[in-house]
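Just below is one structure, and these are the notes that go with it.
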C-alpha cells in the first residue's frame, strides 16, 4: 500500500480491494461511496477523508476478508536452461544486504533462507524487465543477475503480496 500517491489513488485501491472481496456499492454520490460486504458489513469512503483513514479501511478489509492471492511474479516466465548457481561465485549487492537486514528485523529472515532458495527453489523465473533470474522459495524471492563469472544477488523480496503488505519498506 506504500505506492499510494494521493486521495484518488487511495479510493481506487479501496475500490479494487473491496470488489475483490465481494463488496458492492450501495450508495454513490459526489461526497462518498458506501460499500456492502457479503456479511452485511458496510464501509463508507468519503471524498475528503485523510489518505491514512482510507488505507486503514483497506487494511481492515484485507485482515477481515483475506489478502490478495495473486502471484507477485506472474509477469515473469519460466525458461529452459536455468543456470546452476555456484555458491562460491555468488555476491550480494549493498541493496540486497540492506533488504536482508530489514527483512531480518521485520520477520526474522536470515541467510539460511536465501541459501535454501538458491539450493532448492520452488520456482525459478526469468524477468525480461529486469534482465535477471528470480529464485523463489516459501516466503522469499531472490533476484540474481549473471555478470561475467559471478552471480549478483540484487535484492531480497517477499514471496507473496500478503508479506509485502504485512512488512512494507519504510517510506
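Brief remarks follow.
- The C-beta contact set for the stretch 153-171 (first residue surrounded by fewer than 16 Cβ atoms within 10 Å (Cβ to Cβ), second residue at pLDDT below 90, distance under 6 angstrom, 6+ apart or interchain) comprises 161/68; 161/72; 168/2.
- Candidates 8, 78 - the one that is under 30 Å from residue 149 (Cα atoms) and at pLDDT below 95: 78
- Pairing each residue of the stretch 9-32 that is on the phi > 0 side of the Ramachandran plot and not assigned by TED's automatic domain parsing to the domain that holds residue 49 with any residue that is in a loop (DSSP other than H, G, I, E, B) and modelled with pLDDT of 90 or more, provided the two are 6+ apart or on different chains, yields no C-beta distance under 6 Å.
- Residue pairs meeting the criteria (Cβ under 7 Å; at least 6 apart or on separate chains; first exposed (fewer than 11 other Cβ atoms within 10 Å of the Cβ), in the stretch 37-63; second part of a loop (DSSP other than H, G, I, E, B)): 38/22
One line per residue, one yes/no per condition, for (1) closer than 30 Å to residue 17 by Cα; (2) in contact with a helix residue (DSSP H, G or I) (Cβ under 9 Å, 6 or more places away or on another chain):
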position	(1), (2)
87	no, yes
98	no, no
121	no, no
147	no, no
155	yes, yes
161	yes, no
169	yes, yes
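- Qualifying residues in the stretch 73-114 (those that are under 17 Å from the mean Cα position of the chain (by Cα) and not assigned by TED's automatic domain parsing to the domain that holds residue 156) - the one surrounded by the most Cβ atoms within 10 Å (Cβ to Cβ): 76
The values are calculated or read from the model by the stated rules, or taken from the named source; none is laboratory data. Just so it is clear, the model here is predicted, and its values are computed rather than measured. FYI the Cβ positions are ideal-geometry reconstructions off the backbone, even for glycines, and counts take in every protein chain you see.
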